[in-house]
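Take a look at the structure below.
Since every read-out is calculated from the coordinates, none of them should be taken as a lab result. What you are looking at is a predicted structure, and each value in this text was computed from that prediction instead of being measured. Neighbour counts run over all protein chains shown; Cβ positions are idealised from the backbone, glycine included.
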Amino acid sequence: MLRPGLGGRVNTGMHAVRDTVETLGVALSIWSARTAGDPGADAAGDAAVRAIDLLQADLYVMRDELAAEIRARRDTAARTGQA
């Protein structure tokens with residue numbers, strides 16, 4: 001569920017983060033159930049690391065976009081005299 005008030009690109013970013021978290025969960029589940037000589041576990045470990053890297057990047061982008069939206073809203077409110 002999307003939170004009210006978060007608009008534009010932030011909502012799109014939330015979808016990307018949600019998808020990446022799901023990928024991370026699956027990859028970590030496979031990794032945690034690994035057995036010796038399991039090549040799938042190595043691939044899952046690599047996928048988990050990539051997912052973490054993507055999450056960090058996506059969250060930084062979301063943060064910047066949200067901060068820009070907040071600044072724009074405050075600037076508009078200041079110009080129009082609305083709080």
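Screening Asp53 against (1) exposed (fewer than 12 other Cβ atoms within 10 Å of the Cβ); (2) in contact with a Phe, Trp or Tyr (Cβ under 8 Å, 6 or more places away or on another chain) leaves a single unmet condition, (2). Within the range 24-43, the residues that satisfy the criterion of being within 26 Å of Thr12 (Cα to Cα) and buried (at least 16 other Cβ atoms within 10 Å of the Cβ) are Leu24, Ala27, Leu28. The residue pairs whose first member lies in the range 55-83 and is at positive phi and touching a residue at least 60 places away in the same chain (Cβ under 8 Å), whose second member is surrounded by 12 or more Cβ atoms within 10 Å (Cβ to Cβ) and assigned to a helix (DSSP H, G or I), and whose beta carbons are closer than 8 Å, counting only pairs six or more residues apart or on different chains, do not exist in this structure.
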